[in-house]
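Working notes for the structure below.
Where a number appears in this text, it was derived from the coordinates with a stated rule and is not lab data. Just so you know, these numbers come straight off a predicted model, no measurement behind them. A quick note on method: Cβ atoms are made from the backbone with ideal geometry, for glycine too, and the neighbour counts reach across all protein chains shown.
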């Protein structure tokens with residue numbers, strides 16, 4: 001039995017016209033001989049009646065909500081979506097059944113609000129698929145071993161789809177978005193950004209962590225561990241999208257000279273700088289600062305430690321908590337806000353000399369002042385002013401010739417043929 005998991009985001013099911021597009025994608029997969037599991041998110045975005053953020057506002061009365069009750073409420077948005085989509089499928093003559101996370105056999109731990117999937121009990125799902133029904137599953141949710149409803153945190157519907165794909169040994173998991181796939185950069189900033197035909201798991205995880213809002217990194221990690229391919233596609237278009245699969249870490253294909261695969265960026269960063277490490281014993285201060293930040297639930301990024309200073313960044317939403325931690329420790333600090341993290345990503349850059357020099361050259365050409373850098377085997381990140389982001393991204397895209405990717409991809413296809 002060929003099984004295909006398809007995941008549709010909240011904006012894909014918010015109107016009747018968009019739901020018709022979703023139904024068409026599902027029917028196409030069935031016509032191709034696949035048994036389909038469709039995972040859906042809550043309808044719309046913040047402000048729409050059934051969106052997750054809208055439901056969350058119902059508990060905003062100044063009192064901390066019980067985590068169990070909060071998850072019970074938040075799970076309703078996806079349940080509404082799956083019932084509506086199953087009804088739309090049946091209206092087109094397609095057998096379908098709506099399933100909650102519990103119905104789909106998704107068992108999690110009891111970390112309410114950010115639960116981890118422990119296992120998927122597939123018997124019920126497989127029965128529906130064998131009997132010819134489309135299984136429409138509410139994403140973002142599961143149940144504990146004793147039956148308490150949990151939610152999986154941000155990106156939870158992507159995680160649901162990946163976990164079901166692995167458990168069912170699906171031939172692929174398709175993630176439907178409002179774009180045609182994964183691009184070399186944000187097309188809103190770079191008009192000549194190009195859709196990538198193929199990426200490795202490692203590259204898409206890096207891009208997702210660094211700000212590319214294509215698929216949640218936890219979902220990619222689950223798919224990678226289970227060796228299930230992902231395909232990022234458009235709900236309204238018919239193109240092939242971007243394939244994410246196990247491989248050799250070359251987003252353009254074997255034999256293509258590619259150092260950088262794409263450019264990612266994330267705004268809303270705040271830099272903290274502790275002169276002289278905060279105190280005479282800078283190392284000890286740094287250890288204490290990062291330990292207390294962790295206890296406060298603040299994730300520090302782009303960490304720099306030297307005898308002269310300690311520096312790190314947090315997202316804007318964590319600024320106040322980070323300031324409180326530092327004040328409680330009596331550590332002097334300087335704050336710079338309105339920053340963004342701009343990154344070049346590519347598994348092919350590992351061991352290639354001169355990549356950092358090219359990055360800094362592009363930043364200089366864009367007149368983007370670099371406040372801090374970090375690098376790993378597969379990315380180099382620069383901290384810049386938000387006002388410089390568009391110029392920086394375009395300059396990096398030009399520096400590494402990413403607008404020519406389409407020609408190289410076409411050449412690879414021609415040579416392979």
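Å³ per residue of the Cα convex hull, for segment 133-239?
Working: hull volume 13.6 nm³, N = 107.
In segment 133-239, the Cα hull volume divided by residue count equals 127 Å³.
From Cα pairs below 8 angstrom and at least 6 apart in sequence, can you work out the relative contact order of segment 260-370, rounded to a whole percent? Working shown, then result.
Working: 163 pairs, mean separation 44.4, N = 111.
Over segment 260-370, the number comes to 40 percent.
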Exercise. Working out 0.36 nm times the residue gap between residue 336 and residue 178, then minus their Cα-Cα distance, what length gain in nm do you get to one decimal?
Worked result: 53.5 nm
Problem set entry | Acute angle (nearest 10 degrees) that the helix 16-31 long axis makes with the longest principal axis of the chain, alpha-carbon atoms | 70
For this session: Specify the angular offset, from 0 to 90 degrees and rounded to the nearest 10, of the alpha carbon long axis of helix 67-91 from the longest principal axis of the alpha carbons in the chain.
Result: 50
Exercise. Pick from 217, 275, 229: which is most flexible by mean-square fluctuation in a GNM of the chain where alpha carbon atoms under 10 Å apart are linked?
Worked result: 275
Exercise. How high is the relative contact order of the chain, given as a whole-number percent (alpha carbon pairs under 8 Å, six or more residues apart)?
Worked result: 13
Exercise. Mean residue ellipticity at 222 nm from the helices of the chain, using -39,500 (n - 2.57) per DSSP H segment of n ≥ 4 over the full residue count, to the nearest 500 deg cm²/dmol?
Worked result: -11000 deg cm²/dmol
Seminar exercise, completed: Zone reached by a paramagnetic label modelled 7 Å from residue 276 Cα along Cα→Cβ, restricted to segment 332-371 with backbone N below 11 Å, covers 332
Exercise. Which residue, 230, 371, 152, tops the fluctuation ranking in a GNM of the chain built on C-alpha contacts under 10 Å?
Worked result: 371
Exercise. GNM, the chain, Cα, under 10 Å: largest mean-square fluctuation among 303, 380, 313?
Worked result: 303
Exercise. What does the convex hull of the alpha-carbon atoms of the chain project to on average, in nm²?
Worked result: 21.9
For this session: Quick one, can you get me the convex hull of the C-alpha atoms of segment 262-403 expressed as volume per residue in Å³?
Result: 112
Problem set entry | Relative contact order for segment 3-178, counting Cα pairs under 8 Å that sit 6 or more residues apart, in percent | 28
Seminar exercise, completed: So the angle from the long Cα axis of helix 389-399 to the longest Cα principal axis of the chain, reported in degrees to the nearest 10, equals 90
Problem set entry | Spin-label zone in segment 287-309 - amide nitrogen under 19 Å from a point set 7 Å from the Cα of residue 375 along the C-beta vector | 302-306
Seminar exercise, completed: Per the Kirkwood formula over distinct C-alpha pairs, the hydrodynamic radius of segment 3-178 in angstrom is 15.9
